[in-house]
Amino acid sequence: MYSVEIDINADLGEGKGNDADIMPLISSCNIACGGHFGTDETMRTAIRLAKRHQVKIGAHPSFPDKDNFGREIMTLTKKELTETIFNQLLHFFAVAETEEATVHHIKLHGALYNYAVQDAPTADAVVEAITSTKIRPVLYVQYGSVLHRKAENLLPLQFEAFLDRRYTDEGRLVSRSNDRALIEDSGEVWKQLQEMSIDKQVTTISGKKIPVEASTYCIHGDQPNSVAILKYLHQQMKNHPIQLSR
């Protein structure tokens, strides 16, 4: 039977206490590197856990805003934003090097991720920060976003979609201020994964179907039901043509 191979990623190293339960159930992780959360110790612990479970390791930079967990847009100059992302990445790369770990990818966090989808100066700052490190990990981006256009031909890309978030008709994530933004039911998450990976589409919050292009799918580590959802996905994948890529 033809099988679709997918990557499931999760945002970890964020102090939620469930990394050890999530790590065996995913294939790549995004580790907070000091912007919204993260110290040498939390980075090192998450990296060691990822290595133990053969999970691809990624840096997870954000706006430098621990008070709001990186979920509010900050007003920074392009230079300031470039500098903070650059410094977060260098910090993470240095910790990874001490652990003899390969950094596979970079994925932005929270408000920075969402703003770089649509704002050209923000996307430019992100690309400039990454290229300035002289390291070329894969960048996880939303297909068709401003960041996608700015980064293509400069960085290796992998397209991402979200399993536990609802989408607007314009293909953006529904704001967390909406009480329906998060999908917490395991069955609904599985249905969205099937629709995205096999049918290449997603049903928006209004019921419209829009196209999706992705090969890596995120579930949030701070999602209250993340472990239960991931276990359910693994049970379902045993009987369906979807496999987790390792």
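Side notes on the structure shown:
- Looking across the range 233-246, the residues that are within 19 Å of the chain's Cα centre (by Cα) and in a loop (DSSP other than H, G, I, E, B) come down to Ser245, Arg246.
- Looking only at the range 85-95, and only at residues there that are of a type outside the set (Phe, Trp, Tyr) and buried (at least 21 other Cβ atoms within 10 Å of the Cβ), the one that is farthest from Pro64 (Cα to Cα): Val95
- Residue match in the range 66-82 (condition: out of contact with any Phe, Trp or Tyr (no Cβ under 7 Å at 6 or more places or on another chain), of a type in the set (Val, Ile, Thr), farther than 19 Å from Phe162 by Cα and touching a residue at least 12 places away in the same chain (Cβ under 8 Å)): yes
- Scanning the range 67-84 for residues that are of a type in the set (Val, Ile, Thr) and surrounded by fewer than 17 Cβ atoms within 10 Å (Cβ to Cβ), we see that the one that is farthest from the chain's Cα centre (by Cα) is Thr77.
- Of the residues making up the range 211-227, one or more are under 18 Å from the mean Cα position of the chain (by Cα), closer than 28 Å to Val103 by Cα and of a type in the set (Phe, Trp, Tyr).
- When each of Ala116, Ala181, Ala123, Ala151 is tested for being of a type in the set (A, V, I, L, M) and farther than 24 Å from Ile57 by Cα, the lone residue that passes is Ala181.
- Being in contact with a Cys (Cβ under 7 Å, 6 or more places away or on another chain) and β-branched (Val, Ile, Thr) is a condition met by no residue of the range 1-24.
- Any hit, the range 211-232, residues being assigned to a strand (DSSP E or B) and exposed (fewer than 14 other Cβ atoms within 10 Å of the Cβ): yes
- Test result for Gly17, closer than 28 Å to Ile229 by Cβ and free of Cβ contacts under 8 Å to residues at least 24 places away in the same chain: yes
- Among the residues making up the range 32-60, a single one is in a strand (DSSP E or B), free of Cβ contacts under 8 Å to residues at least 60 places away in the same chain and either under 15 Å from Gly15 (Cα atoms) or acidic (Asp, Glu) (or both): His60.
- Residues located in the range 1-23, provided they are in contact with a His (Cβ under 7 Å, 6 or more places away or on another chain) and either farther than 19 Å from Gly34 by Cβ or assigned to a loop (DSSP other than H, G, I, E, B) (or both): Met23
Coordinate-derived values only; no laboratory data. Only a predicted model underlies this, so the values are computations on that prediction, with no experimental measurement involved. Ideal geometry is used to build each Cβ from the backbone, glycine not excepted, and the neighbour counts take in all protein chains shown.
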